[in-house]
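*Asks:* Can you read through this structure? Questions will come right after.
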Amino acid sequence: MIERRTYPRFKLKLDARYRIIDSEEAWKHAGARNISAEGLCFEAGEKLNAGTHVELEVDLKDDGPAVRIVGEIKWSSELEKPEGEEKAFLNGVRLINIPVSDESRFLKYYCDKMVEKLSCYLKI
């Protein structure tokens, strides 16, 4: 399979919540599972259709408030769960907008993950 991503993606587990933009629905719990400089993947209890615009709040665990992100769902797939467990879906998001107040924190977090990953190659 050919890798189409421009930027590296890093696995993680962060608390998040989301809501569909232009919907009256309340915020719903989610879990961010990986990030890149231009997208992220989150787990939720529902399949979201490609093209749906969502607002996310992701807790970076950096003692600051959750960062707000607006994005577009690019894909969604059901996770395999043991029988009897509630369905869960991974939803891939292309980032569209991050408020200026959150952008530097998000990019710093992403760069820190990159340094963390690459540092294993520098150890002797």
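Just so it is clear, none of the values below were taken in a lab; they were calculated from the coordinates. Just so it is clear, the model here is predicted, and its values are computed rather than measured. Glycine gets a Cβ as well: all are built from the backbone with ideal geometry, and neighbour counts include every protein chain shown.
*Asks:* Return the label of the correct value of log10 I(q)/I(0) by the Debye sum over Cα atoms at q = 0.16, 0.19, 0.21 Å⁻¹, as calculated from the structure shown, out of [x] -0.80, -1.09, -1.27; [y] -0.78, -0.97, -1.10; [z] -0.87, -1.02, -1.15.
*Replies:* The calculated read-out lines up with [x].
*Asks:* To continue, here is another question. Return the distance in nm (one decimal) between the two label points of a simple spin-label model at V100 and W27, each offset 7 Å from Cα along Cα→Cβ.
*Replies:* Distance between label points: 2.4 nm.
*Asks:* I've got another one for you. Quick one: if the Förster radius is 22 Å, what FRET efficiency do L107 and D15 give, using the C-beta to C-beta distance and rounding to 0.05?
*Replies:* 0.65
*Asks:* Related question: Report, to the nearest 10°, how far helix 100-119 tilts away from the longest principal axis of the Cα atoms in the chain, using its own Cα long axis and a range of 0 to 90°.
*Replies:* 60
*Asks:* Any idea how far the Cα center of the range 1-50 sits from the one of the range 74-124, in Å?
*Replies:* For the range 1-50 versus the range 74-124, the Cα centre distance is 7 Å.
*Asks:* Place +1 on the Cβ of every Lys and Arg and -1 on the Cβ of every Asp and Glu in the chain, take the dipole about the Cα centre, and give the residue among L107, A30, I20 whose Cα lies farthest towards its positive end.
*Replies:* Of the candidates, L107 comes out farthest on the positive side.
*Asks:* Between H53 and T6, with labels modelled 7 Å along Cα→Cβ, what's the label distance in nm to one decimal, could you check?
*Replies:* Distance between the two pseudo-spin positions: 2.0 nm.
*Asks:* Placing unit charges on C-beta atoms (Lys and Arg positive, Asp and Glu negative, everything else neutral), compute the dipole magnitude of the chain about its Cα centre in debye, rounded to 20.
*Replies:* It comes to approximately 620 debye.
*Asks:* Give the residue list of GluC sites (Glu not before Pro) in the range 34-94 that are DSSP loop and have at most 10 other beta-carbon atoms within 10 angstrom.
*Replies:* E80, E83, E85, E86
*Asks:* Report the extension gain between K61 and V115 in nm, rounded to one decimal, defined as 0.36 nm multiplied by the number of residues separating them, less their alpha carbon distance.
*Replies:* 17.7 nm
*Asks:* Follow-up question, since we're still on this one. Please tell me which of these pairs span more than 25 angstrom C-alpha to C-alpha: K13/K108; K87/K108; K61/K113; K87/K117; K81/K108; K87/K113?
*Replies:* K87/K108; K87/K117; K81/K108; K87/K113
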